[in-house]
1. Could you tell me whether any residue of the stretch 489-511 is open to solvent by less than 30 Å² (accessible area, probe 1.4 Å), closer than 30 Å to residue 338 by Cβ and within 26 Å of the chain's Cα centre (by Cα)?
2. Would you mention how many residues in the stretch 199-213 are at pLDDT 90 or above and of a type in the set (Lys, Arg)?
3. Looking only at the stretch 518-541, which residues are surrounded by fewer than 19 Cβ atoms within 10 Å (Cβ to Cβ), hydrophobic (A, V, I, L, M, F, W, C) and outside any loop (DSSP other than H, G, I, E, B)?
4. In this structure, is residue 505 without any contact (Cβ under 8 Å) to a residue 40 or more places away in the chain, more than 15 Å from the ligand (Cβ to nearest atom) and in a loop (DSSP other than H, G, I, E, B)?
5. Is it the case that some residue within the stretch 389-401 is open to solvent by less than 60 Å² (accessible area, probe 1.4 Å) and modelled with pLDDT under 85?
6. Quickly run through the stretch 196-214 and pick out the residues that are in a helix (DSSP H, G or I), open to solvent by less than 50 Å² (accessible area, probe 1.4 Å) and touching a Lys or Arg at 6+ places or on another chain (Cβ under 9 Å).
7. Conditions: (1) closer than 25 Å to residue 366 by Cβ; (2) within 13 Å of the ligand (Cβ to nearest atom); (3) not acidic (Asp, Glu). Residue 524 meets all but one. Number of the miss?
8. So in the stretch 408-460, with the set limited to residues that are open to solvent by 30 Å² or more (accessible area, probe 1.4 Å) and near the ligand (Cβ under 9 Å from one of its atoms), which one is nearest to the chain's Cα centre (by Cα)?
Amino acid sequence: NLTLRELQSCYIYQVACSFNSCKCNGWKSQNPPPTPPRTDQQSNTLCELCDHVTHLENVSEEEMNRLLGIVLDVEYLYTCVHKEEDADTKQVYFSLFKLLRKSILLMGKPMLEAQDSPPFEKPSIEQGVNNFVQYKFSHLPSKERQTIMELAKMFLNQINYWQLETPSQRRQRVPNDDAAGYKANYTRWLCYCNVPQFCDSLPRYETTQIFGRTLLRSVFTVMRKQLLEQARQEKDKLPPEKRTLILTHFPKFLSMLEEEVYSHSSPIWSQDFLAGASGGQIPIHTECHPPPDNSEYFLLLLHILTVGEKRKPSEPLTQEENKRPRVVGDIPMDLINEVMATIADPAAIPETSLLSAHSARDEAARLEERRGVIEFHVIGNSLNQKPNKRILMWLVGLQNVFSHQLPRMPKEYITRLVFDPKHKTLSLIKDGRVIGGICFRMFPSQGFTEIVFCAVTSNEQVKGYGTHLMNHLKEYHIKHEILNFLTYADEYAIGYFKKQGFSKDIKVPKAKYVGYIKDYEGATLMGCELNPSIPYTEFSVIIKKQKEIIKKLIERKQAQIRKVYPGLSCFKEGVRQIPIESIPGIRETGWKPMGKGKELKDPDQLYSSLKTILQHVKSHQNAWPFMEPVKKTEAPGYYQVIRFPMDLKTMSERLKSRYYTTRKLFMADMQRIFTNCREYNPPESEYYKCANLLEKFFYTKIKEAGLIEK
Ligand code: ACO
């Protein structure tokens with residue numbers, strides 16, 4: 001004749017009961033029973049127990065519910081302990097099981113008796129990622145920055161629901177890692193983040209708020225690989241116009257973040273990062289919503305990214321949105337959009353079809369990187385930071401690769417430089433092993449970096465790794481604003497360096513590097529000047545895409561032409577040059593002779609006309625902002641926004657070297673100056689006004705010279 005309340009009390013009492021006469025075999029025992037108590041046994045127990053529930057009679061309904069909540073969690077953990085196969089995880093489940101049981105017994109709140117309590121590391125992952133967005137993207141216009149922040153938010157949310165690998169899985173995958181450190185973090189994560197997700201009675205914390213860089217480092221590589229894999233699997237479900245975002249921008253975001261996560265000197269992990277940062281803070285907080293099934297993850301990401309964007313997802317770019325006046329020779333944006341819609345995004349093309357005989361040198365390596373088969377890390381030894389075992393192992397691996405591949409270099413010398421804190425090495429990792437690298441020393445004040453050793457292990461050569469390594473190194477340097485490489489290439493490597501854009505014609509003034517760079521006998525000094533507008537690791541994909549677009553544009557043009565003329569045979573007969581207008585059918589293609597303005601045929605005449613115009617422009621009172629290339633120090637992030645910089649000094653040099661063989665080339669460069677200025681600066685700025693006034697003046701001058709119609 002027990003009331004419901006008494007029944008509940010009895011149930012709790014099973015745990016709380018300390019009477020010797022009590023026969024309940026539930027949670028009183030130190031070890032969980034192999035099977036739950038049987039019903040017949042239980043009813044007997046309840047009858048025996050009903051005398052002992054008096055102490056629960058005055059307990060409030062709320063407290064009763066709380067205790068029952070813990071009972072449910074205990075039951076759940078009991079199942080977990082039995083089902084779990086991993087010894088470390090099982091042990092934690094069992095400790096939590098005991099803890100909860102004890103708190104029912106004492107009718108108290110479950111308190112983890114750990115020596116340390118959260119947060120376990122500062123700054124937290126959340127703060128670090130926040131700093132990263134601030135550090136790398138604060139220069140972007142607010143719309144783009146918003147998109148980045150959403151990417152960051154989704155990334156943080158994903159970490160909060162990420163299933164960490166068990167310490168034993170990790171030991172197998174990364175044998176040389178700090179196993180004890182990982183296990184400690186894994187235990188903390190289970191107790192404070194993971195188990196509380198299904199056991200409400202335990203206080204729950206977000207992984208990104210109580211852990212810092214150490215945990216992030218241990219999950220990042222695997223996580224990045226899986227996220228990118230998911231993205232690729234779901235690419236068909238993504239709207240085409242968002243594919244680039246997910247398949248290109250998101251991986252890029254992760255790559256940039258990865259660099260900061262593994263770098264020894266990244267400022268984003270500094271406690272006082274924001275104190276020194278300029279501009280407003282952009283706090284990104286994680287949300288407590290679990291991500292949906294993997295299959296829907298990127299669709300959700302997409303949804304979030306689309307919120308806040310003014311343009312509807314399906315709307316293509318328009319000329320107005322581009323906010324740049326048309327430049328001579330530009331193809332209408334509508335046509336580009338139309339053609340773009342018909343070509344496949346190289347990032348989305350199935351991998352096998354990319355690897356044709358015409359594939360770029362680094363294509364295979366890039367695909368392997370995307371699939372997570374290979375990884376790139378800039379690493380180095382540090383005197384003021386605790387050595388990280390994994391990094392030290394990689395450095396030893398690099399020392400081995402360099403020693404084998406550069407047999408003429410003394411091994412001790414290689415060791416000294418690889419482990420010298422002033423040198424860094426971009427390392428190429430495959431299956432957790434080093435297979436290549438480029439050891440370098442940066443001289444930021446001198447504006448160059450010296451490449452000291454560069455090698456790929458024998459059985460991995462000529463697969464494109466060397467090229468991809470160099471491309472990564474170039475991007476790393478653009479980020480660090482060093483735009484010149486110097487190296488002493490040994491005679492067998494000259495070919496390789498030439499293919500990477502190096503030449504014997506050194507652009508860095510001698511005074512800048514003599515005494516800094518190590519001199520090697522019998523080797524050739526080679527240099528490479530970087531162009532900050534080029535995304536080197538993606539360069540061949542971009543070129544491929546541009547080629548596709550041009551091919552399609554040509555096909556379209558061809559389709560409009562009905563008549564096909566036979567090819568020209570005059571050249572075979574020894575004719576060296578013919579007037580363009582004499583080519584049969586040329587006018588039908590849309591070509592027009594220079595009617596509107598006068599194209600000066602005499603190169604000297606053209607040169608002197610352009611020289612006069614340029615001199616006028618340079619002496620104009622509004623020309624001062626455009627006299628020289630924009631300095632990065634004065635305009636942060638300028639070269640990320642402006643892909644084709646131009647200035648009057650560069651134009652003068654081009655003119656001098658007779659680069660302007662047509663007035664169109666000259667006008668396009670000049671126009672670029674004004675367009676760039678208006679793109680980077682707000683309309684109310686002085687620079688913007690200068691661009692407008694100078695542009696007007698330029699067109700007056702060019703008309704006066706008869707180069708365009710009045
Ligand atoms: N001579 C001429 N061309 C070469 C050489 C060479 N020694 N090595 C590679 N190439 C070419 C390749 O054929 C390829 O060209 P292709 O695409 O037109 O066929 C291109 O250079 C790039 O090839 P990758 O596959 O990207 O480069 P790889 O992964 O083979 O790495 C490297 C090149 C690092 C030079 C490698 O061959 C190596 O480790 N060699 C031995 C060590 C060495 O000589 N290092 C340079 C010493 S100088 C210094 O360290 C500063």
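1. The answer is no; no qualifying residue exists.
2. Adding up the residues that qualify gives 1.
3. 525, 539
4. yes
5. no
6. 196, 210, listed by residue number.
7. All conditions are met except number (1).
8. 454
The values are calculated or read from the model by the stated rules, or taken from the named source; none is laboratory data. Computed from a predicted model, the values in this text were never measured in an experiment. Positions of Cβ are generated from backbone atoms using ideal geometry, with glycine treated the same way; all protein chains shown enter the neighbour counts. Surface accessibility is based on the protein's heavy atoms, side chains included, excluding ligands, DNA and RNA. Shrake-Rupley method; radii C 1.70, N 1.55, O 1.52, S 1.80 Å.
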